[in-house]
Amino acid sequence: MGDRCRRVLILGGTREARNLAEMMSGESGFTAVSSLAGRVREPVLPVGEVRIGGFGGVDGLRNWLGDNDIDAVVDATHPFAGVISAHAAAAAAALDLPVLHVRRPGWRKRREDRWIRVPDIASAVDTVAGLGSRIFLTIGRQEVGAFADLTSSWFLIRAIDPPSAKLPPNHELLLARGPFAVEDEIRLLTERRIDVLVTKDSGGELTVAKLFAARACGVPVVMIDRPSLPAGARTAESVAAAWDWLRRLP
């Protein structure tokens, strides 16, 4: 890439994406362009140049990368944003651009935890029906509609923005953004008499308190596994590792 300023597309509205953009902002020789999907009404914006919205599939992203002179792509999206990760890998490969997928480590089960791992949302729906009747959904707003037909259960649904999908008939909607404190999560489980927690294996510290609370209260957790990254994907588990990768690019 020579000595010119390298333009790096950072995909994602995650904390990792924001931290990487901030790190790059103080380094000469790099310009970060952060891209957010626009699914959160009031996102926390990173420093520097920001674009919001989709690209129009693999072809749209490939064209955008070429039109905007991007030299490298860092996919720092949510661990469950499988579609954009696949699109990033395909578009970057078409232009022979280096691409890195930043994925924080998943949560680790402890001996006293009562986790039931499932591969996807549909499996989670099938599983919760036999576990309890008061269910705490912490899976974001986009997929809660999958539980809409479970009419015999009551749901506490927590999300940052209101879901647009059909919701279960018996539910309470709680709009909140992490981080959450363990004592508050324990109080929530106790006061709402929650007997099942459903979550995605997102990893990180922002929302891990619910798992400590479930452990303390003896509440079983339906843990949804992450989608797989594209075959042969290069990955990093931290912002520091991603930054090291960027600085080592030829």
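The values are calculated or read from the model by the stated rules, or taken from the named source; none is laboratory data. As the structure is a computational prediction, the values presented were derived from the model and not from experiment. Neighbour counts are summed over all protein chains in view; Cβ atoms, including those assigned to glycine, are modelled from backbone coordinates with ideal geometry. Just so you know, the surface numbers come from the protein's heavy atoms only, side chains and all, with ligands and any DNA or RNA stripped out. Shrake-Rupley method; radii C 1.70, N 1.55, O 1.52, S 1.80 Å.
Report, by chain and number, residues whose modeled amide H sits under 5 Å from the one on T31, excluding near sequence neighbours (fewer than 5 apart, same chain).
Sorted by chain and number, the residues that satisfy this are R6, R7, V8.
Test of understanding: what is the full-extension gain from L175 to A148, defined as 0.36 nm times their sequence separation minus their Cα-Cα distance?
Stretched fully, the L175-A148 segment lengthens by 7.9 nm.
Find the all-direction average of the projected area of the Cα convex hull for the stretch 65-185, expressing the result in square nanometres with one decimal place.
The orientation-averaged projected area of the Cα hull of the stretch 65-185 comes to 10.3 nm².
Please go through the stretch 148-248 and write out the GluC sites (Glu not before Pro) that DSSP classes as loop and that have at most 12 other C-beta atoms within 10 Å. List each step's numbers first, then the result.
Numbers: sites: E172, E183, E185, E191, E205, E237; in loops: E205, E237.
Hits after loop and neighbour filter: E205.
Once you've got the GNM for the chain with C-alpha springs shorter than 10 Å, pick whichever of K210, K166, K200 has the biggest mean-square fluctuation.
Maximum among the listed residues: K166.
Projecting each Cα onto the charge dipole of the stretch 175-250 (Lys/Arg +1, Asp/Glu -1 at the beta carbon, about the Cα centre), which of W243, V182, V208 comes out farthest on the positive side?
W243
Suppose every Lys and Arg Cβ carries +1 and every Asp and Glu Cβ carries -1, with no other charges. What dipole size does the stretch 160-250 come out with about its Cα centre, to the nearest 20 debye?
Values: 12 positive and 12 negative charges, 57 e Å.
Charge dipole of the stretch 160-250: 280 debye, to the nearest 20.
Over the stretch 83-145, with every protein chain in place, what whole percent of the accessible area is carbon and sulfur at 1.4 Å, could you tell me?
50
Using helices alone, I'd like the mean residue ellipticity at 222 nm for the chain: each DSSP H run of four-plus residues gives -39500 (n - 2.57), total over residue count, nearest 500.
-8500 deg cm²/dmol
Tilt of helix 82-94 relative to the longest C-alpha principal axis of the chain, in degrees (0 to 90, nearest 10)?
20
With +1 on the Cβ of every Lys and Arg and -1 on the Cβ of every Asp and Glu, and nothing else charged, how large is the dipole of the stretch 110-169 about its Cα centre, in debye rounded to the nearest 20? Could you put the intermediate results ahead of the total?
Details: 8 positive and 7 negative charges, 47 e Å.
Charge dipole of the stretch 110-169: 220 debye, to the nearest 20.
Of (i) 0.99; (ii) 1.09; (iii) 0.94, which one was derived for Cα Rg over 2.2 N^0.38 Å from the structure shown?
It is the one labelled (ii).
Tell me the trypsin sites (Lys or Arg not before Pro) within the stretch 31-100 that lie in a loop according to DSSP and have at most 15 other beta-carbon atoms within 10 Å.
Answer by residue number: R41.
Evaluate the distance, in nm, between pseudo-label points positioned 7 Å from the Cα of A94 and of E183 along their respective Cα→Cβ axes.
5.4
So with the 1.4 Å probe, I'd like the accessible area per residue for the stretch 54-99, rounded to whole Å². Kindly include the intermediate steps, with their values, before the conclusion.
Working: 1840 Å² over 46 residues.
Accessible area per residue, the stretch 54-99: 40 Å².
So for the chain, averaging the separation of alpha carbon pairs under 8 Å that are six or more residues apart and normalising by length, what relative contact order in percent results?
The value is 20 percent.
Could you give the size of the charge dipole of the chain about its Cα centre, using +1 on the Cβ of each K and R and -1 on the Cβ of each D and E, expressed in debye and rounded to the nearest 20?
Here the chain has a charge dipole of around 500 debye.
Long-range amide H contacts for H171: which residues qualify at under 5 Å (H placed 1.01 Å from N, peptide plane, sequence gap of 5 or more or a different chain)?
For H171, the qualifying residues are F155.
Go through the stretch 122-134 residue by residue and turn each phi into a ³J(HN,Hα) via Karplus (6.51, -1.76, 1.60, θ = phi - 60°); whole Hz please, and just put x for glycine and proline.
4, 5, 5, 4, 5, 7, 5, 4, x, 9, x, 10, 10
State log₁₀ I(q)/I(0) for the stretch 133-250 at q = 0.24 Å⁻¹ as given by the Debye formula over alpha-carbon point scatterers of equal weight, solvent excluded.
Result of the Debye calculation: -1.43.
Where only protein heavy atoms count, and the probe is 1.4 Å, what is the accessible area per residue for the stretch 116-237 in Å²? List each step's numbers first, then the result.
Details: 5650 Å² over 122 residues.
In whole numbers, the stretch 116-237 has 46 Å² accessible per residue.
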